[in-house]
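Enquirer: Mind looking over this structure? Questions follow.
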Ligand code: ADP
């Protein structure tokens with residue numbers, strides 16, 4: 001494909017050097033390059049390596065004449081579609097026009113050449129060539145776009161399958177709970193336990209539905225941040241409280257190393273806590289039981305830097321650039337048993353960015369663990 005700034009080539013073929021120079025002088029303009037050949041053989045050689053928008057062929061040449069050259073051009077895939085204008089002198093040529101058309105001529109120009117006619121004909125073919133290039137570029141763009149859409153569609157279908165699976169588990173558990181409650185209504189202790197289990201399933205279901213709604217709200221630019229001046233320490237505390245059950249359920253050792261000096265954010269406390277809690281939940285989820293999870297926070301360069309680290313399964317190299325994409329999940333049968341939809345980190349990233357912050361996977365190694373870093377702009381004295 002010719003780039004926009006690559007000159008467009010015109011092939012000029014004439015056995016007389018002075019004719020070639022005269023043609024070149026007539027056609028010369030920005031963005032055009034004239035490839036000059038003194039014989040049919042030279043022309044064919046040039047055509048092997050150059051794309052050409054138009055060929056101007058002198059008919060009468062010693063050796064291979066213009067018509068023979070045209071026949072060769074029509075015979076080769078690369079040069080078959082190049083428009084040809086024959087330059088003819090004298091009546092003998094005119095009688096041979098028919099042969100010219102058979103060889104695929106597009107046009108004839110009578111010698112002596114009229115400058116305006118030559119220029120206007122050449123510009124028609126150059127325009128056509130440019131349009132063809134444009135169409136080819138658009139075709140390639142459309143093909144790439146279609147590939148992208150197919151990939152997105154595939155991911156969406158995979159996501160729907162995972163979503164179905166994720167929704168089925170709590171729904172089945174709720175169904176079983178209801179069934180047991182009906183059958184064992186008389187046993188109050190058992191009923192209490194069943195209700196507690198059903199409660200957990202409802203919380204889990206609500207979380208899935210909330211995440212899905214959040215993603216679609218962000219997608220439509222409809223998410224509303226309820227910003228207020230808040231202490232970073234307070235939000236981190238909320239997050240830890242929210243994730244405690246997950247961390248404890250896996251018997252992880254949790255440590256927090258939170259900055260001593262107060263730092264304030266202009267942020268939506270619920271959303272920031274959601275971000276950190278999501279990272280803590282992932283750390284708990286993707287770390288084998290009895291692991292270590294650490295939350296660290298510090299202030300650096302006008303930003304609060306919040307690190308969530310674990311010593312869990314880690315993220316494979318090839319997935320590192322993708323995990324913040326919607327529906328991205330590491331395809332690993334060992335971890336697939338974990339619940340999840342692959343939307344958590346995409347949501348976290350968007351929430352962080354809505355706050356003018358960034359999120360990154362600072363480091364991760366298989367079976368060594370991962371560290372995610374969130375940076376959020378701070379306000380107030382600590383900023384200095
Ligand atoms: P999910 O709902 O699948 O947990 P996320 O968007 O939260 O979705 O995470 C995307 C993927 O990134 C996960 O499926 C998992 O493979 C990987 N991942 C996220 N956090 C961690 C972590 N702390 N350790 C290892 N892998 C992780």
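Enquirer: Exposure proxy check: 285, 119 ranked by fewest other beta carbons within 10 Å?
Expert: 119, 285
Enquirer: Something else about it: Test of understanding: ordering 236, 27, 57 by Cβ neighbours within 10 Å, fewest first, what list do you get?
Expert: The fewest-first ordering by Cβ neighbours comes to 27, 236, 57.
Enquirer: Same structure, new question: When a/c reaches 1.5 or more, the comparison of a/b and b/c decides; with that in mind, is the range 1-89 rounded, prolate or oblate per its Cα gyration tensor?
Expert: In terms of gyration-tensor shape, oblate.
Enquirer: Mind pulling the angle between the C-alpha long axis of helix 115-183 and the longest principal axis of the chain? Nearest 10 degrees, somewhere in 0 to 90.
Expert: That helix lies at roughly 20 degrees to the long axis.
Enquirer: When the helices in the chain are scored as -39500 (n - 2.57) per DSSP H run of 4 or longer and the sum is shared across all residues, what 222 nm value do you end up with, to the nearest 500 deg cm²/dmol?
Expert: -17000 deg cm²/dmol
Enquirer: Taking a ≥ b ≥ c as the square roots of the Cα gyration tensor eigenvalues, with a/c under 1.5 meaning rounded and otherwise prolate when a/b beats b/c, else oblate, which class fits the chain?
Expert: It is prolate, given that a/c is not under 1.5 and a/b is the larger ratio.
Enquirer: Which shape class applies to the range 227-384: rounded if a/c is under 1.5, otherwise prolate when a/b exceeds b/c and oblate if not, where a ≥ b ≥ c are the square roots of the Cα gyration tensor eigenvalues?
Expert: Judged from the Cα gyration tensor, the range 227-384 comes out prolate (a/c at least 1.5, a/b above b/c).
Enquirer: If neighbour count is taken as other Cβ atoms inside 10 Å, put 376, 128 in order from fewest to most.
Expert: The fewest-first ordering by Cβ neighbours comes to 128, 376.
Enquirer: To continue, here is another question. Quick one: length gained pulling residue 331 to residue 234 fully straight, 0.36 nm per residue minus the C-alpha distance?
Expert: The residue 331-residue 234 span can extend by a further 31.3 nm.
Enquirer: How high is the FRET efficiency from residue 250 to residue 202, r the C-beta distance, R0 25 Å, rounded to 0.05?
Expert: Efficiency at R0 = 25 Å is approximately 0.70.
Enquirer: What's the angle, to the nearest 10 degrees (0 to 90), between helix 232-249's Cα axis and the longest principal axis of the chain?
Expert: Roughly 80 degrees, rounded to the nearest 10.
Enquirer: Separate question: Measuring from label point to label point, each 7 Å out along Cα→Cβ, what is the residue 30 to residue 50 span in nm?
Expert: Taking the two extended label points, one gets 2.1 nm.
Enquirer: Starting from the 7 Å offset along Cα-to-Cβ, what nm value, one decimal, do you get for the label separation of residue 169 and residue 141?
Expert: My value for the distance between the label points is 4.4 nm.
Enquirer: Still on this structure, please answer the following. Any idea what angle helix 188-219 forms with the longest principal axis of the chain, computed on alpha-carbon atoms, 0 to 90 degrees, nearest 10?
Expert: For helix 188-219, the angle is close to 30 degrees.
Bear in mind these aren't lab numbers, they're just calculated from the coordinates by the rules spelled out. Model, not experiment: these values are computed from the prediction. Neighbour counts run over all protein chains shown; Cβ positions are idealised from the backbone, glycine included.
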